[in-house]
Structure formats: structure tokens, C-alpha cells
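K.L.:
Take this structure first; my questions come after.
Laboratory data are not the source of any read-out in this text; all were calculated from the coordinates shown. Note that the structure is a prediction, hence the values are computed from the model and not measured. Cβ: placed from backbone, ideal geometry, glycine included. Neighbour counts: every protein chain shown.
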Amino acid sequence: MSNRFSGDSGKRRLPACSSRQLAANLLSLVLISLALSLPAAGFAAQTDDTEYEAVAEEYIKTYLAAHPLEGTALGLHEYDGKISDYSRLALDAELSRLRRFDDRLAKFDPAKLSARQSIDLRILQAAVKKNLFEMQDMSVFERNPMVYAGAADVNVYIKRNFAPLEDRVRSLVAIESQIPNILIAGRTNLNDVLPKPYVELAIQIAKGSADFLKKDLVSAVSGLKDEQLRAAFLDANRKAANALNDYAAWLQREKLPKASLDFALGEEKFRRFLAQTELVDLPPQKILEIGMAQLKAEQDAFAEAAKKIDPNKSPIEVFKQIQGEHPTPQNLIPDVAKDLDKIRKYVLSHHLVSIPSDIRAKAKETPQYLRATSFASMDTPGPFEKRATEAYYYVTPTENDWPDKQKQEWLTAFNYYTSDITSIHEAYPGHYVQFLHLNASPASKVEKIFGSYAFIEGWAHYCEKMMLDEGYGSPTSSSPSEEDAKRAAKYCMAQADEALLRLCRLCASIKMHTQNMSLDEATKFFRDNCYYEEKPARQEAIRGTFDPGYLNYTLGKLQILKLRDDYKTQEGDDFSLQKFHNELLNHGMPPIRFLREIMLKGQSKWDEVL
């Protein structure tokens, strides 16, 4: 999964040696002594580890050969200039590869591997099962035309200078020359009747991709000096863009008229999806009950905070008033950068989590070619990138040619309170700090490549509430002024607003895929419960049809809160938030169930995770 932290390198330093690590070192000495007296057992364990490592390395190589764009994004440039093969023959070979490795990995006994490799094995198994689920149970290559419409995502070649421009353009020529073949394969592979939301979105994506290739990509390589190479690029680019427009027209003509509203996974598949990919083995109905209770609690918190600001107005009116407090178009980026530094200092001064590098994320305007789909995002290099290691916090500004009304509407999303919550999620201590810990940790290749959706997004979403719980935005005086109290309430409303959206995603995902909730009903659910207008509510509902995993923002956050409570009980007086967060981030990006196993000792690690 490229750029997994929605976004993250620089100087690295090893974390300080903790008492737990000292104990682990002593334990290692004891184990070495035992190994000397029991050479056969030690040799057997070592042999199992070696055999597993060989299989894992083979899987990674074959996985990246099948997904070369991801290899480039990870910073492994032997995959540059390559793109996935979507022919029926290649897809059948990929399914066979996944099944073969699923069987090979199942033959390893986790109990016979070292503790580290036991976790590594199960992370890899979860990754394999996720891909198998997508191919076998979701039938993405037969049911989802967006897969082919989005195959031309070559952003990594223009947003990162990991090679000279000429070399990157040669890679683009090689990739773009294959896009017409991919779209031909799509027409061959797709079912006769497709889900209507998928078709409608695929048409938009294909047209948008064609527009991106013709305009933004051409502009991005304007510095190219080699005229022969330029001619080859423009030819491949034109053919790729035309093929995308033809694909959009084909979908409009052939697929949209007979599209259906059948998109639901069904309860059995949905439960298996959660159990296999996130190791959450709870009935969807139980998760929904938890989600609905949390939704009611956040709505109450939203309303309670509104009363503190203006008891004479409805919560929605109060929030709209807050949204009017935003920077000018000229001050947007400077204000975000200043607040980003303020948030970073707060994390450090309050000892909430270590930040393993002094290299800062730089606030910058979102590049033009990303603005259509991005509001704010963390753009970080791949974990194996050695050259283009900058990290950018992209913020999408207003356009100069927009009318004043449109500019003001756009800036409401950057009101000072929501903007800080977003920066907490994306950068400090959210995704960027998550990336820095991954790079500084002794994570294996498997841990750096394959991550849990719930852990990655759950951590960033958890940080929003954690920061406010730890006093960010609250008065520092014991007798705060009325304005200070109102300012704290505005932060509470902004944080609750973000939580309401993610809770609606959780509930809608389960209802749409297990309880026959329609697209219209899901749209109304977002409107009624997180107070969205019709268009964004519809967009959120449509996303749930093809991304049932978007429940993971809240699912991951709730799992982290439960783990924190259990860890706090275990540690007693030795507990600190910094200790908990550092330990949490020191093991790659695994399903949170594995973090329970790693961090909780002397009790059941396999109890309910929520």
C-alpha cells in the first residue's frame, strides 16, 4: 500500500534502552546458555525461522513483481517503468500465487518460530488473505471498473525526484504505453452487469485520469530537454489519455444502462473480511451496537460543547459560526505551518510520544495535479527510499480565479479548530510521527510493506481525541476567561465533528453490507447523524459501497483505547502515555490484535478487542 500514512526520512536515532529491553537482553543471555546445552532444539528453531524468512522474501519479490507501482512508491526502484498486467492470464496466475503462498505459510507453526517471526508470519498471512478476499470474495477485477480506470496513477513519478527527470520520463513512457492494454483487459474481464455506484465513479475517474495525463502530467515534465524523448512521451501520453476517454464512453454506453444496485458483501463475507484482515472476530451486529452507542455519545458531546459557545443557537448553527473563523487565502499556508509547529511543541513538552527525528514535515500547497481529490494530506517517502526523502504536509489552497463566495466556502474547512485537528491526524502525532517510528524501529520488510488499515488510520484518528484529552486547546489558567472556555469548546466541536463522520462510516458500512441499507438510506444516515449536506453525504455513502474497510478509522481507534486501558491496568504506577505510545508504534503496522499479544503479559491477549 503506497504512501500508507495518507501520507513520511531523515536522521534516525535508536530509542533509549528501556527496562523491558534490559530484561529482554538478560533473557537472551539465558536463552543462549540454554541453546548451548540444548543445541538440537536451538538449531530446530533457527531452521524454522530461516525457512520462514526465505518464504517471506520470495513472497515479497513475487508480490512486488505483480504490483510494481507499489514497489516504486516504497522506494525500490528496480520496479521503475513497470505496471501490473491485468490480462486474464496474469490475474489467474496472481490468484494461483496467492493461494500457493497461503498454503505454504499455513504449514508454519507460529509456536515453533521465534516470537518476532511468529508475529511476522501472521502479519504476512493477514496480507495474503486480504488480497485473496479482494480477488475471490469481492471479485474486484470482475465487478469493479474503477480498478482499470485508476491504473494510470503515476503520481509518484512526478512528485518525488528520486531519479533524473529523463529517467523518470522513460519510465512514464513505458507505463503509459501499457495503459491501452489494461483498459482492453478491463472490457474483457468485467461482468456484464456491474454495481451502478462503481460504474458512475469509474467514469469520473477515467475522465479525470485522462485530463490529468493531458494537462498536469505534461506540465510536470515541461523541463525535459531531450526532444526525442519528449516526442515519445507525448505520443504515449496521447494514446493513454484517448484510451481512458474511450473506456469512460464504453462504460457510459454499455455498462451504465444495465447497472444494478447490488453491491453488498452479506453478513458472512463481511464477518470473514474483518476476521481475516484485522483479526477482529466479533459479529458485525455487535460492532454496530458499539458504534451506534459511540455515535450517540459524540452527538451529545457536540451539542454540549455548542451550548457553552452559544446556548441560544442549535449545534449546527454554532458549528457553522465556528467555520467562519478561518485564515485569509493568502495566510492559509503560513497559518497552517505556524500551528503545525505549535502542535509539535505541545506533543514534546507534554511527553505524549517521542518524535524520533528532528526533520520536520513541511507545510506546502498541494500540487495542482492532486488538488481535485485532496483537502489536506501527509505525503511521505517510501520506507526504502534513499534519495527523495522529503516529507510534505500538503494543504489545498483556494484558486485565484474562484469567486469570493467559493473561496470563503472552501476556507470554512480550514477554520482554526478543524485545521488543527486535521494537522494532529496527518502530522503530529498522527501519520508523520507514525512514519518516523516505523523508520526508526527494527521493523522487518514484511512489517514495513504490509500494514493494517485499522492500525494506520485508527492511530491518527485516536490522536485527535487524545490530544484534546491531554489539554490541547484548553485553558492553562485555573480560572479561565469566558473566551478561553469558549475556545476549548470550539476545539471539542471540531474533534467531535471528525469523530461523527468516522462513526457514521462504521455504522453505514455494516448496515449497507449486512442489513441491506440502500445508497439513498446511507446518504440520509450521513445527513442525519454527522450533519453533512447532500453532496458530501452521498459521496461518503458511495465510498462505503466499494470500501467496506472505511469502518477501520473508528474500529482502530476503539481498539487502541481498549488496549490502552488494559495496558494501564497492567503497568499500574509505571504507566505513562509516552511509554504506551512509543511501545505501540515500535512494532511496524500490524493488526491491533497482535499489539495486544506483544504488549499485554500474563493475561489473555485474545479477549474482546473492543
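K.L.:
Roughly how far apart, in whole Å, are the Cα centres of segment 352-389 and segment 157-172?
P.N.:
Cα centroid of segment 352-389 versus Cα centroid of segment 157-172: 18 Å apart.
K.L.:
Taking the Cα centre of each part, how many Å lie between segment 77-107 and segment 493-571?
P.N.:
Cα centroid of segment 77-107 versus Cα centroid of segment 493-571: 32 Å apart.
K.L.:
Let me understand segment 435-514 better: what is its radius of gyration from the alpha carbons, and its Dmax, in angstrom?
P.N.:
Taking only Cα atoms of segment 435-514, I get Rg and Dmax of 17.8, 52 Å.
K.L.:
OK, next. Are there trypsin sites (Lys or Arg not before Pro) in segment 526-610 that DSSP marks as loop and that have at most 12 other Cβ atoms within 10 Å, and which are they?
P.N.:
Within segment 526-610, the qualifying trypsin sites (Lys or Arg not before Pro) (loop, at most 12 other Cβ atoms within 10 Å) are K601.
K.L.:
Which one, I182, S171, A241, projects farthest toward the positive side of the charge dipole computed for segment 146-255 from Cβ point charges (K/R +1, D/E -1)?
P.N.:
Of the options given, the answer is A241.
K.L.:
Cα-Cα over 31 Å: which of K159/K524; K362/K448; K445/K557; K82/K255; K255/K557; K345/K490?
P.N.:
K159/K524; K255/K557
K.L.:
Next up: Got a sec to turn the phi values of segment 474-486 into Karplus ³J(HN,Hα) couplings, 6.51 cos²θ - 1.76 cosθ + 1.60 with θ = phi - 60°, whole Hz, x for Gly and Pro?
P.N.:
Result, rounded to whole Hz: 8, x, 8, 7, 6, 10, x, 6, 4, 5, 4, 5, 5.
K.L.:
Further question: Tell me the label-point distance for the pair V193, A65, using the 7 Å Cα-to-Cβ offset, in nm and rounded to one decimal.
P.N.:
Output for this residue pair reads 4.0 nm.
K.L.:
Taking the Cα centre of each part, how many Å lie between segment 273-344 and segment 408-475?
P.N.:
The two parts, judged by their Cα centres, are 14 Å apart.
K.L.:
If packing is taken as the average count of other Cβ atoms within 10 Å, what order do 392-398, 266-272, 492-498 fall into, highest mean first?
P.N.:
On the way: 392-398: 21.7, 266-272: 15.9, 492-498: 23.7.
The most tightly packed comes first, giving 492-498, 392-398, 266-272.
K.L.:
Given a Förster radius of 30 Å and the C-beta distance between D235 and E78 as r, what FRET efficiency does 1/(1 + (r/R0)^6) yield to the nearest 0.05?
P.N.:
According to the calculation, E is roughly 0.70.
K.L.:
Another question about this same structure. Quick check of the Kirkwood formula: for segment 38-138, what is the inverse mean of 1/r over all pairs of different Cα atoms, in Å?
P.N.:
15.0
K.L.:
Label-point separation (nm) for S139 and S222, each offset 7 Å from Cα along Cα-to-Cβ?
P.N.:
Modelled inter-label distance: 4.7 nm.
K.L.:
If R0 is 41 Å, what FRET efficiency do you get for K296 and E482 from their C-beta distance, rounded to 0.05? Intermediate values should be presented prior to the final figure.
P.N.:
Details: r = 29 Å, r/R0 = 0.70.
Efficiency, rounded to the nearest 0.05: 0.90.
K.L.:
Right, another one. At 7 Å along the Cα-to-beta-carbon direction for both A303 and T47, put a label point, then send me their distance in nm to one decimal.
P.N.:
Result for the modelled spin labels: 6.7 nm.
K.L.:
Roughly how large, in nm² to one decimal, is the mean projection of the convex hull of the alpha-carbon atoms in segment 175-318? Don't skip to the answer; put the middle values down first.
P.N.:
On the way: hull surface 61.4 nm².
Orientation-averaged projected area of the Cα hull: 15.3 nm².
K.L.:
Additional query: Under 5 Å between amide H atoms, partner at least 5 residues away or on a different chain: which partners does L585 have, H built in plane at 1.01 Å?
P.N.:
Answer set, sorted by chain and number: none.
K.L.:
Still on this structure, please answer the following. Considering the zone a paramagnetic label at T328 would reach in this model (a point 7 Å from Cα along the Cα-to-Cβ line), which residues of segment 376-418 have amide N under 20 Å from it?
P.N.:
396-417
K.L.:
Can you divide the C-alpha Rg of segment 146-255 by 2.2 N^0.38 Å and report the result to two decimal places?
P.N.:
Taking the Cα Rg and dividing by 2.2 N^0.38 Å, one obtains 1.12.
K.L.:
Right, another one. What is the diffusion coefficient of segment 436-587 in µm²/s, taking the Kirkwood radius over Cα pairs and the Stokes-Einstein relation at 4 °C with a viscosity of 1.567 mPa s?
P.N.:
It diffuses with D of about 73 µm²/s by this estimate.
K.L.:
Between T569 and E289, what is the FRET efficiency for a Förster distance of 22 Å, r being their Cβ-Cβ separation, to the nearest 0.05?
P.N.:
Plugging the Cβ-Cβ distance into 1/(1 + (r/R0)^6) gives 0.35.
K.L.:
Per residue of segment 265-270, in order, report the coupling 6.51 cos²θ - 1.76 cosθ + 1.60 (Karplus, θ = phi - 60°) as ³J(HN,Hα) in whole Hz, putting x for Gly and Pro.
P.N.:
Values, residue by residue: 6, x, 5, 5, 5, 4 Hz.
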